[in-house]
1. What pairs from LYS46/LYS188; LYS54/LYS120; LYS14/LYS97 go past 30 Å between their alpha carbons?
2. Could you derive backbone 3J(HN,Hα) for region 136-143 from the dihedral phi with the Karplus parameters 6.51, -1.76 and 1.60 (θ = phi - 60°), listing whole Hz in sequence and x where the residue is Gly or Pro?
3. Can you tell me the relative contact order of region 197-309? Whole percent, Cα pairs under 8 Å, sequence separation 6 or more.
4. Placing +1 at every Lys and Arg Cβ and -1 at every Asp and Glu Cβ, with all other atoms neutral, what dipole size does region 67-192 have around its Cα centre, in debye to the nearest 20?
5. Among ALA217, THR294, PHE232, flag the residue with its Cα farthest along the positive direction of the charge dipole of region 197-309, charges on Cβ as +1 for Lys/Arg and -1 for Asp/Glu.
6. I'd like the Karplus ³J(HN,Hα) series for region 14-22: coefficients 6.51, -1.76, 1.60, θ = phi - 60°, whole numbers in Hz, and an x wherever there's a Gly or Pro.
7. Separation of region 133-162 and region 184-224 by C-alpha centroid, Å?
8. Seen from all sides and averaged, what is the projected area of the convex hull of the Cα atoms in region 3-77, in nm²?
Amino acid sequence: MDKSIQKLYSIILKNLKKYEFNSFLIGFNKHYGEDGKILKMEIGSKLEEELDKKVDFVHPDIVIVINLKTGKVSFDIKSTYIYGRYNKYQRNLAQTKWNKKQKINSIEEIIGIPFIKYLKGTGATLHGCGREDIDVLMLGNGRPFVLEIKNPKKRFSDLKKITERINKKNNNKVKISSIKYTNIENIKKIKEAKANKTYIARISSKKAFSKEEVEKALKGLNKKIIKQRTPFRVSRRRADLIRERKVLDISLLNFNPIFFELKIKTEGGTYIKELISGDKGRTTPSLNELLGGTEDPLVVIKELDVTKVDF
């Protein structure tokens, strides 16, 4: 190995020692023909031997990019992916950070910031298996997620210790469980999952109904296919579509003529608030419609909790 290559190798080796990784790949900022191939093989073989790491042509942890013209070296660091489930015990808590001016904390920040710190990354993105509204609790077995840590310097941290510290600090807001390392493929898996969900909905009514009237209306929804046009409340950020979803089960838990509690299980993607209110006719049938309500709904959800995600 001549002096120029040895100098380049020393720069690479010194910087690699800042990172935890299992595999790497060497590349150039542009094509350098046969001489480039020889150089890559020479440096790559020496790194494999000295660091006991392997070259990976498909999913390397680090891509070492060499600019032969300037002699500069840069690193493309693969994100680390962490699978888990979260419970949310506080209302008015968003799943992800909306914008820089947002004052409301998010689950993404509560979970992500500690992982950024421990894995020495530069940022975090939370990919959830669906999302609950900001005013809805996530109880039961929790919502599956993959947390992506960008540009991590550490990959082999004790996830159990990090989990315990997050839960201890946030026991009144958020709890995480089933934490383990995963891969990028699981992001697509949870994003595309049409997981059935179970809810507890507390309903406020403008009119006093009998128990029999409510139960009859619920029978009109149970096991039925409903049609939902994209709700007004999300129309600015969602395509205007009509979706068909099935109400898998709906039952009365507690009853008061003007305030009652329901247990609802539906197919993934069902808008539960609109299943009750009707959203001015955009969801049909709805509980409001079956109870004789109009565009000014007789019944609306006052509180909603997710109690199970089937994933």
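1. LYS46/LYS188; LYS14/LYS97
2. 10, 7, 10, 10, x, 7, x, 9
3. The value is 39 percent.
4. With only Lys, Arg, Asp and Glu charged at Cβ, the dipole is about 480 debye.
5. PHE232
6. 4, 6, 5, 5, 7, 10, 9, 6, 10
7. Using only Cα atoms to place each centre, the spacing works out to 27 Å.
8. If you wrap the Cα atoms of region 3-77 in a convex hull and average its projections, you get 4.7 nm².
None of the figures in this text is laboratory data; all of them are computed from the coordinates on show. On a predicted model such as this, the values are computed, not experimentally measured, just so you know. Every residue, glycine among them, receives a Cβ derived from its backbone with ideal geometry; neighbour counts consider all protein chains shown.
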